[in-house]
1. Name the residue, out of Ala185, Ala203, that is over 21 Å from His101 (Cα atoms) and outside any loop (DSSP other than H, G, I, E, B).
2. Condition check: charged (D, E, K, R), buried (at least 16 other Cβ atoms within 10 Å of the Cβ) and either more than 15 Å from the chain's Cα centre (by Cα) or modelled with pLDDT under 80 (or both). Does Lys145 satisfy that?
3. Any residue in the range 84-99 that is closer than 16 Å to Glu119 by Cβ sitting within a Cβ distance under 9 Å of a residue that is among the small types (Gly, Ala, Ser) and surrounded by 11 or more Cβ atoms within 10 Å (Cβ to Cβ)? List the pairs, counting only those 6 or more apart or interchain.
4. Can we say Tyr191 is at pLDDT 95 or above and not hydrophobic (A, V, I, L, M, F, W, C)?
5. Taking Glu147 as the residue in question, decide whether it is charged (D, E, K, R), out of contact with any strand residue (DSSP E or B) (no Cβ under 9 Å at 6 or more places or on another chain) and more than 19 Å from Leu52 (Cα to Cα).
6. For residues that are part of a helix (DSSP H, G or I) and basic (Lys, Arg), tally how many sit in the range 86-143.
7. How many residues are modelled with pLDDT under 90 and polar (S, T, N, Q) if we restrict to the range 79-114?
Amino acid sequence: MHYLFNDKRSTPRPRQRRVNYCRAFLMILCIWAPISQISAQPSDSTKVDHELRQLLKQTIEASDSFEDRFDAEVWLVSKQESLKKYIKDPQERMDVLRRIHKAARRADLQPEIVLALIEVESHFDRYAVSRVGAQGMMQVMPFWKNEIGHPNDNLTEIDTNLKYGCTILKHYINKADGRLMDALARYNGSYGQYWYPRRVMDAWEKHWR
């Protein structure tokens, strides 16, 4: 699946298509104007990835990056319809999409893959908690907060959760030499099995591609 990160779809769209998206976005604005393993603490058998710990620490402490507004707004128009199933309020939906787009781009990830992962992990529930204690939209294990020296971070806060989750996913993609299926399996803690990566890719294919 390495091709997903070098796909022609990631290159700028033709001028006319960009204009059409822009028009669609303006129409939507006019309509609206009136109105996501292991236990919570690492077990003795869990070897903490020190490289990932340092990468998380650097990302959480980094200042916000600049986002190209035009490209972001064009992208928002094309994705908001699929998110209606999970987030009903239009303003909240657009806000969540902006945050996901920004966090994914900062981590050099395709936002569509992050959207698919979140759909599978939490159905976009920022307060989701798994049976093993993973928290938030991207289901981040809370032991990472202590590992990077940020014990007071709130993983149900959207931006914080996205920074952790996107950094972890990007690290595993790099570790897998760009093999997305392997990276997704590592993210889920099921390395060597592919039921979870297939679920994410099915969501990507059906809703976010």
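1. Numbers: Ala203 fails: over 21 Å from His101 (Cα atoms).
Only one candidate passes the filter, namely Ala185.
2. So Lys145 fits the description; yes.
3. Qualifying pairs under 9 Å: Leu97/Ala72.
4. no
5. Values: charged (D, E, K, R): yes; out of contact with any strand residue (DSSP E or B) (no Cβ under 9 Å at 6 or more places or on another chain): yes; more than 19 Å from Leu52 (Cα to Cα): no.
Answer is no for this residue.
6. First, the residues of the range 86-143 that are part of a helix (DSSP H, G or I): 90-106, 111-122, 143.
Then drop every residue that is not basic (Lys, Arg), which leaves 93, 98-99, 102, 105-106.
Qualifying residue count for the region: 6.
7. Summing the residues that are modelled with pLDDT under 90 and polar (S, T, N, Q) in the range 79-114 gives 2.
Residue-wise test of (1) buried (at least 22 other Cβ atoms within 10 Å of the Cβ); (2) within 9 Å of the chain's Cα centre (by Cα); (3) hydrophobic (A, V, I, L, M, F, W, C); (4) within 15 Å of Lys206 (Cβ to Cβ).
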| position | (1), (2), (3), (4) |
| --- | --- |
| Gln80 | no, no, no, no |
| Arg93 | no, no, no, no |
| Lys102 | no, no, no, no |
| Val114 | yes, yes, yes, no |
| Ala128 | no, no, yes, no |
| Met137 | yes, yes, yes, no |
| Val140 | yes, no, yes, no |
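The values are calculated or read from the model by the stated rules, or taken from the named source; none is laboratory data. Being a predicted model, the structure only gives us computed values, none of them experimental. All Cβ positions, glycine included, derive from the backbone under ideal geometry; neighbour counts span all protein chains shown.
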